[in-house]
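Shown next, in structure tokens, is the structure this report addresses.
FYI, it's all coordinate maths here, none of it is from the lab. Treat the numbers as computed from the prediction; the structure is a model and nothing was measured. When we count neighbours, we look across all protein chains shown, and the Cβ atoms used for this are built from the backbone with ideal geometry, even at glycine.
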């Protein structure tokens, strides 16, 4: 990905996708939540980027639709997360999100990636509840708990729920295999893209419930420091967990 050049219709260009991602990420950080993109050059880059997105992402409705009025920054909210992103307001007053990394890559997520996202969404509330219960159980007077890797004391915001073993990806693969979906998945299994839909879900609630059940019975979880220790966690194939995070 990093070595592929990115050329937009307005003339903006970068020699690598990494450079383009850095450009749009820096742009996003220049605006506050709720603020409109007032800079003309930024606006023009986003228009051209959205054209690239619509040209590549053909499995959902057009993000441009009847035409672009403006861009603004908004928080994309879900169970246990809140991330900033670009949103577009169309000339008819409708609004929708779009992924600038996907637009830079110029290709949609695969069905396998969408399936992974649906599995993650199915257990998102469980993970948030388990994290809160873990802090209630282990937090000191300052509301801090030990990182399971380093024993460093960390806050709720600094903490990450890590799937120590099996990894989340292994659980997803096991679920697909148990349902006979290793090669192909039923066409109506996942929600189709739509305006303001920031995550993929299973269409049938019972499928999400089956994954929740598998996850609840098989996942070994722990709390680690969010940024500094994720690479350390990835290097441990089957780690010892000092204080398991319990799913409720």
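Direction-averaged projected area, Cα convex hull, region 111-234: 8.7 nm², rounded to one decimal. Summary value for region 1-144: 19 percent relative contact order, contacts being C-alpha pairs under 8 angstrom separated by 6+ residues. Counted by neighbouring Cβ atoms within 10 Å, the residues 227, 52 run from fewest to most as 227, 52.
Between residue 156 and residue 206, how high is the FRET efficiency from 1/(1 + (r/R0)^6) when r is the Cβ-Cβ distance and R₀ = 35 Å? Nearest 0.05. Walk me through the numbers on the way to the answer.
Working: r = 32 Å, r/R0 = 0.92.
Rounded to the nearest 0.05, the efficiency is 0.60.
Across the alpha-carbon atoms of region 153-220, the computed radius of gyration and Dmax are 14.8, 46 angstrom.
Quick check: residue separation of residue 213 and residue 15 times 0.36 nm, minus the Cα distance between them. What number comes out in nm? Mind showing how you got there, number by number?
Details: separation 198, 0.36 × 198 = 71.28 nm, distance 4.61 nm.
In short, 66.7 nm is gained.
Between the Cα long axis of helix 111-138 and the first principal axis of the chain there is an angle of about 50°, rounded to the nearest 10.
What order, most packed first, do the peptides 85-92, 238-245 have when packing is the mean number of other Cβ atoms within 10 Å of each residue? Walk me through the numbers before you get to the answer.
On the way: 85-92: 16.8, 238-245: 14.5.
Going from most to least packed, we get 85-92, 238-245.
Straightening the chain between residue 107 and residue 140 buys 7.3 nm, computed as 0.36 nm per residue apart minus the Cα-Cα spacing. Each principal axis of the Cα cloud of the chain was evaluated for its coordinate range; sorted largest first, these ranges are 54, 45, 36 Å.
Rounded to the nearest 0.05, what FRET efficiency is calculated for residue 189 and residue 95 with R0 set to 30 Å and r the Cβ-Cβ distance? According to the calculation, E is roughly 0.60. Relative to the longest principal axis of the C-alpha atoms of the chain, give the angle of the C-alpha long axis of helix 17-29, reported between 0 and 90° and rounded to the nearest 10°. It works out to around 90 degrees. Entry note, the chain: relative contact order of 18 percent, from Cα contacts under 8 Å with a spacing of 6+ residues. Our helix-only sum for the chain, with -39,500 (n - 2.57) per DSSP H run of n ≥ 4 divided by its residues, gives a mean residue ellipticity at 222 nm of -12000 deg cm²/dmol.
How high is the relative contact order of region 111-234, given as a whole-number percent (alpha carbon pairs under 8 Å, six or more residues apart)? Display every interim value, and only then the final one.
On the way: 130 pairs, mean separation 50.4, N = 124.
The value is 41 percent.
Angle check, please: helix 40-56 long axis (alpha carbons) against the longest principal axis of the chain (alpha carbons), in degrees 0 to 90, nearest 10. On a 0 to 90 degree scale, this one is about 70.
For a Förster distance of 45 Å, can you work out the FRET efficiency between the beta-carbons of residue 174 and residue 43, rounded to the nearest 0.05?
On the way: r = 46 Å, r/R0 = 1.02.
Result of the calculation: an efficiency of 0.45.
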